[in-house]
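Okay, so here's the structure we're looking at.
Read-outs: derived from the displayed coordinates by stated rules, not from any lab. Fair warning: this is a prediction, and the values are worked out from it, not measured in the lab. Because the Cβ atoms are built from the backbone with ideal geometry, glycine has one as well, and the counts that use them run over all protein chains shown.
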Amino acid sequence: MNALMLFWTFFKIGLFTIGGGQAMIPMITTNLVDIGAVSLEEVMNFIAIAESTPGPFAVNIATYVGMQTSGIGGAIAATVGVVLPSVLIIILVARLLSGFMKKRAVSGVFSGVRSSVTGLLLSVFCTLLLSVLLGVNDIFSADSVSPDYIGMIIFAAVCPLAFVKIKGKKLHPFFFIIICAALGVLCYGLCDRFGVVL
C-alpha cells in the first residue's frame with residue numbers, strides 16, 4: 001500500500017469517524033484488513049500500542065499503520081490524512097456554521113449521530129473481546145476459534161479493579177495498562193520458560 005493510498009484511506013476514515021478514535025476501528029478493519037493491507041491481529045496490536053502511548057488514539061493508530069505498511073512516508077501520509085478532515089471541518093464550522101449549531105434540526109442530527117457512535121463502540125468492544133480472548137477471526141467459522149486462556153485469566157483478574165474506588169475516585173486507566181502489561185510479561189514469560197502451552 002503506497003503513501004497516497006494510505007493518505008486517501010485515512011482521509012476517508014477521519015472524515016466519517018464521529019465519536020472519538022475508537023469509533024474508527026470498524027472503518028480501519030473494513031478499509032485495511034479486508035483488502036489485506038494488515039491482518040486483524042496487527043490491528044489489535046496497533047490498538048494496544050495506540051491506547052497505551054501518549055497522544056490522540058486516531059493519530060497514534062494512523063501513524064503505526066502507516067509505518068507498518070509504507071515506512072516513514074506512509075506514517076506521515078496516514079497521519080496527515082486522518083487529521084486533515086477534522087482541521088477542515090473545524091475551520092468550516094468556525095467560519096460559516098457557528099450560527100446553525102443552535103438550530104433544533106442541527107442538534108437533532110447530533111443526537112442521532114451520538115446513538116450510532118454508541119453502536120460503533122459496542123461493535124469495537126465485541127470485536128476486540130472475540131478476537132483477543134477467543135481468537136475468533138471469522139465469526140461464522142467454528143474452525144477459527146483459538147482461545148487465549150492466559151489473556152482470559154488476566155482479563156478476569158483485572159476486570160474487578162474497574163469497580164474499585166480509592167478515596168472516592170476510580171483507578172486511572174494508566175494503572176490498568178501497567179498492571180496488564182506486568183501480568184502479560186509474567187504469565188506469558190513463565191509459560192514460555194517452562195514450555196507450558198495453554
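Scalar couplings 3J(HN,Hα) for the range 170-180, obtained by applying the Karplus form with A = 6.51, B = -1.76, C = 1.60 to θ = phi - 60°, are 6, 5, 5, x, 4, 4, 5, 4, 5, 5, 5 Hz; x denotes Gly and Pro.
Largest mean-square fluctuation among 121, 186, 129, in a Gaussian network model of the chain whose springs join Cα atoms under 10 Å apart, belongs to 186.
When the charge dipole of the chain is built from unit charges on Cβ atoms (+1 for Lys and Arg, -1 for Asp and Glu) and taken about the Cα centre, the candidate among 121, 4, 49 whose Cα reaches farthest toward its positive end is 121. Here, the range 3-136 has an Rg and a Dmax of 15.8, 49 Å when only alpha carbons are counted. Here the range 2-47 and the range 155-198 have alpha carbon centers that stand 28 Å from each other. Remark: the range 128-135, residue by residue, has Karplus-estimated 3J(HN,Hα) of 5, 4, 5, 6, 6, 7, 9, x Hz, where x stands for each Gly or Pro and the curve is 6.51 cos²θ - 1.76 cosθ + 1.60 at θ = phi - 60°. Annotation: amide H of residue 148 within the under-5 Å range of 134, 135, sequence separation 5 or more or interchain, hydrogens built in the peptide plane. A simple spin-label model places the labels of residue 122 and residue 194 4.2 nm from each other, with each point 7 Å out along Cα-to-Cβ. Site pair residue 114 and residue 40 shows an inter-label distance of 3.2 nm when each label is modelled 7 Å from Cα along Cα→Cβ.
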